[in-house]
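Have a look at the structure below before the remarks.
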Amino acid sequence: MKKICFLLMVLMCFGMSSAQQRKTQTRRKTTTTQTQAKKKTNKKTTTTKKKSAPKKSEKEQLQDKRKKISQNIAAQKKRQVELERNVKKRMQDVLVLNNEISEKRKTIDSINSDITHLSAHIEELDSQLVILHQELVDRQERYAKSMRYMYRNRKAQNRIMFVFSAKNVNQMYRRMRFMKEYATYQRAQGEAVKQKQAQIENKQEELKNTKSEKTTLLNRGERERQSLEKQQSEQKKMVASLQKEQKTVANIIAQQQKEEAELDARIERLIAEEIAREKARIEAEKRRKEELARKKKAEEEARKKRIAEAKAREERAREEARIAKNEAEKKAARERAKAAEEERKSAEKEMAQARKTTPEPQLMAADVDAKLSGSFASNKGKLPMPITGPYQVVRGFGSNVVDGMSNVHLSSKGLHLKGQPGASARCVFDGQVTKVYATGKGYIVMVRHGKYISVYSGMTNVSVTAGQKVKTNQALGKLGPTNMMQFQLRNWTDLLNPLQWLRR
């Protein structure tokens, strides 16, 4: 009975669980059906909306394409400008490093030359010390020998016996003189030994100082060498990065060469105009001086002629008075002679006064230029830098070639300098501003120092005017936003290397 009840209960439980499962499956199916129905409805709605959206016209589509193309072109131009600016800066840094490496090599070469000279001097001092030591040993031996002899003959009776054992008075005198001179010789030997020792000590001190100087130079040379290697490594990295932009570098160099050719052409034209103007001025000054000299000579000749004529009249009147037959003629002749004498004295007085009051001949412009030129030339290597504050030499005079970059070959007729923000160009010597010329990229200021001409370019504004006298270190104008300037130096038309004239 119990078993039957238990089976009935199990069957009831199983039936209830089956019914629940069927209900759950029915609910899931209903939910899935509803979801699918909603999705279908949404798709239909979206399709309806899409169908209802109006299409763009062909003109609007072309305008959109054109706008996108313009935006792409603008973006490419911007990237190209940024690339060129970046490459230009890297090129500038490479050129600065190139100049610094060149200067460093010169410094190292100079240090090596000094070290070689000091090494030769040390060898010479060593050989001199060997000779001095040998001379000292010889002198010490001779001095010791004489001292031993004197010690053996130190008794007074020995010296007296040596004197009185002479055969005659003459021999006695010679023996006394020998003893006196030998004593003097002994003292001299002692002094010579002391002097030789002092010489050795001085040579040893000189050798010590020379070795110390050589050690200092060696240490400095090692520091310069390490600095050079570091700069060379840095330069190689920059060159490697620039080699990837060969086309951009070539374009920038071509543009720079074109701009510099235009600038140099302007400067050449300005200098040619200045030289022509100066030659014309000197010629006019020469003609004026010659005209003044001719005028002065003519006046002098006129006075001399007047004096001569008055003197002739005076002598003739005196002669007439002397041979006159009556008093009336004699009186008239004397009056004529007196008048002629007064006229002669007046002319002589005018001549003396003219000679006395004639001003001293002033120096011609050519003479002033020659004096100023000589003063300028005597300051070669002492002129101040034409830029205020700290600076970097971007490009030197002549050809500028960078190792590893065959396409970077820039020729310069002057010195390209980069200063700090707010830097100014300044005059390197006393002179006169002959030209202030505005270009599309700044001002050119030309200053003449006799026959020498200094040219400053790259200023955004100037503080001087043409014809103005300027002094050494006087500011000429502010540099532009790049803080770059070019400085040229000429002896009339001949280009000069500014680095040989400037004090660095």
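A short reminder: the numbers here are calculations on the coordinates, not readings from a lab. Everything numeric in this text was worked out from a predicted model, so none of it was measured. Note that we place each Cβ from the backbone using ideal geometry, even for glycine, and neighbour counts take in every protein chain shown.
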Set the Förster distance to 45 Å, then compute FRET efficiency between residue 116 and residue 188 from the Cβ-Cβ distance, nearest 0.05.
0.60
Stretch residue 295-residue 137 to full length: gain in nm at 0.36 nm per residue minus the Cα-Cα span?
48.0 nm
Region 191-211 and region 294-349 have their Cα centres apart by a whole-number Å value of 92
Please go through the residue pairs 106/203; 304/349; 106/208; 296/356 and name each one whose alpha carbons sit more than 20 Å apart in this structure.
106/203; 106/208
Can you give the alpha-carbon Rg of region 283-360 over 2.2 N^0.38 Å, where N counts its residues?
1.59
Going by average Cβ neighbours within 10 Å, how do the peptides 281-294, 91-104 rank, with the highest at the top?
91-104, 281-294
In Å, the C-alpha Rg and Dmax of region 368-500 are 14.8, 50
Residue exposure sequence - 501, 492 - by fewest surrounding Cβ within 10 Å:
492, 501
Restraint check, 451/471; 289/471; 89/413; 418/441; 258/469, Cα-Cα greater than 24 Å
289/471; 258/469
Using a simple spin-label model with points 7 Å from Cα along the Cα→Cβ vector, what separation in nm is obtained for residue 460 and residue 350?
6.8
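Taking 0.36 nm per intervening residue step and subtracting the Cα-Cα distance, what contour gain separates residue 287 from residue 302 on full extension?
Working it through step by step, the gained length comes to 3.2 nm.
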